[in-house]
Amino acid sequence: MEAAPAIDAEAEAELYRRFAPRVRLYGRKHLRDAHLAEDLMQQVMVVMLESLRAGRVREPERIASFVLSTCRMVVMDVKRTGARRQELLERYGEDLLPREVTESALALDRERLLACLARLAERERMVILASFFESKGADEVAAMTNLASGNVRVIRHRAIERLRACMGAGDRG
Amino acid sequence: MTGTSPVEHIPLATLVDYWFDGLGESPHEEHLLACGDCSERLAWIAGLGEEIRDIVKRGEAMMVLTGGLLKRLAAAGLRVREYRLGPGASVNCTIAPADDLVVAHLEAPLAGVDRLDVVSSVGPVLHRLHDIPFDPSSGEVLLAPRTRDLRALGHATEVARLIAVGADGEKVIGEYTFNHSPFRE
């Protein structure tokens, strides 16, 4: 195995800044829990940095691929830990939880969002609220809203595009 | 490096589907870890979700609901105050400090209705919701006003009309009167 080049503190900090939020987002998607996502991020960052220092990353230029593989392995582990955490929470209560994890670095203007939501068509607003309230997929939202799954997807795409435009988020793609 | 070289970015619609549908692996995930632009757009979607969950829990948005959605909200622990009215009926209503949502069940003959609007008035102020979602087989329309509006309402009478809109014009299929007063212990 070819040794990775030495990595200095500044490069490590840059890698952490770049990947920590993205790994956390990956965790939110796969674990649907801010605390578990935070656990995932911390574990993956440790593995990434230790592996780079030890020269265990075969292709440092493809670090994203390495991080993804690590995420997938750690997710399985975190899910097992999460199940134990949930057991403890049910037994000992929410007092054991650390302070609420502040997840989103992209704070949205609430009043502007409310105004933008009010401008959506009624069907669009219902699909958006139903989708996001419990992060439900199209099939489940369709069952809740008496719409077809395909319709839910189309309505959801359109509504989110409109919200981004209304919120001034800009877009590509 | 802020993102990929001239690789095409993931379309927004694909990001939306990725976020909501399925917990399995996706072919986009390596790109999402590598690309600042795409991960930022996904983070925006995630942030939107957090805001909307909070908006729903606090009743900060006017909502037209279905029975299925109302059941999910109640199952999630929201405290829902409900009023049921038939056409022509009136009800004395309020909102308690502990209520998260107030839902009006407006019963109406919905069979054969293609499109439904709701016109509500409080005094001289009229507000119209166009083409609301509804289940014709349920025989009712579920409306959840913004709780902050209800809390600020004081003593007021609101009249809501369901209007069936079709090729041959508009027809009022139900009128409902809400006599609102502040909550008293």
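The values are calculated or read from the model by the stated rules, or taken from the named source; none is laboratory data. None of the values given here were measured: they were computed from a predicted structure. Note: ideal-geometry Cβ built from the backbone for every residue, glycine included; neighbour counts use all protein chains shown. Side chains are part of the model used for accessible areas, which takes the heavy atoms of the whole protein and leaves out ligands, DNA and RNA. Shrake-Rupley method; radii C 1.70, N 1.55, O 1.52, S 1.80 Å.
Evaluating kT/(6 pi eta Rh) at 20 °C and 1.002 mPa s, with the Kirkwood radius of segment A:23-88 over Cα pairs in the Stokes-Einstein relation, gives 176 µm² s⁻¹. Surface exposure of chain B, expressed per residue as accessible area with a 1.4 Å probe, stands at 47 Å². The tail of the calculated P(r) for segment B:117-185 beyond 21 Å holds 32 percent of all Cα-Cα pairs. Peptide B:56-64 shows a mean partner chain C-beta count of 4 within 10 Å per residue C-beta. Computed about its Cα centre, the charge dipole of segment B:1-141 is approximately 760 debye, with only Lys, Arg, Asp and Glu carrying charge at their Cβ.
Here the scattering of chain B is modelled by Debye summation over its C-alpha atoms, one equal scatterer each and no solvent; at q = 0.10 Å⁻¹ the log10 of I(q)/I(0) is -0.56.
For segment B:13-106, the Stokes-Einstein estimate of translational diffusion at 4 °C and a viscosity of 1.567 mPa s comes to 79 µm²/s, using the Kirkwood hydrodynamic radius over alpha-carbon pairs. Using a 1.4 Å probe over protein heavy atoms, the accessible area lost on pairing A with B, summed over both chains, comes to approximately 5700 Å².
What fraction, in whole percent, of alpha-carbon pairs in segment B:63-141 exceed 19 Å separation? Across segment B:63-141, Cα pairs with separations above 19 Å total 46 percent. Taking θ as phi - 60° and the Karplus parameters 6.51, -1.76 and 1.60, the scalar couplings of segment A:60-66 work out to x, 6, 10, 4, 4, 5, 5 Hz in sequence order, x denoting glycine and proline.
In order along segment A:67-73, the phi-based Karplus estimate (6.51 cos²θ - 1.76 cosθ + 1.60, θ = phi - 60°) of 3J(HN,Hα) comes to 4, 4, 4, 5, 4, 4, 5 Hz; Gly and Pro are listed as x.
Among the trypsin sites (Lys or Arg not before Pro) in segment B:60-126, those placed in a DSSP loop whose Cβ has at most 15 other Cβ atoms within 10 Å are B:R79. On chain B, 52 percent of the accessible area sits on carbon and sulfur atoms, based on a 1.4 Å probe.
In deg cm²/dmol, rounded to 500, what helix-only [θ] at 222 nm does the protein assembly as shown give when every DSSP H run of at least 4 residues adds -39500 (n - 2.57) and the total is split over its residues?
For the protein assembly as shown, the value works out to -15500 deg cm²/dmol.
Against the empirical 2.2 N^0.38 Å (N residues), the protein assembly as shown has a Cα radius of gyration ratio of 1.17. Remark: the A:R53-A:R110 segment gains 16.2 nm on full extension, using 0.36 nm per residue and subtracting the alpha carbon distance.
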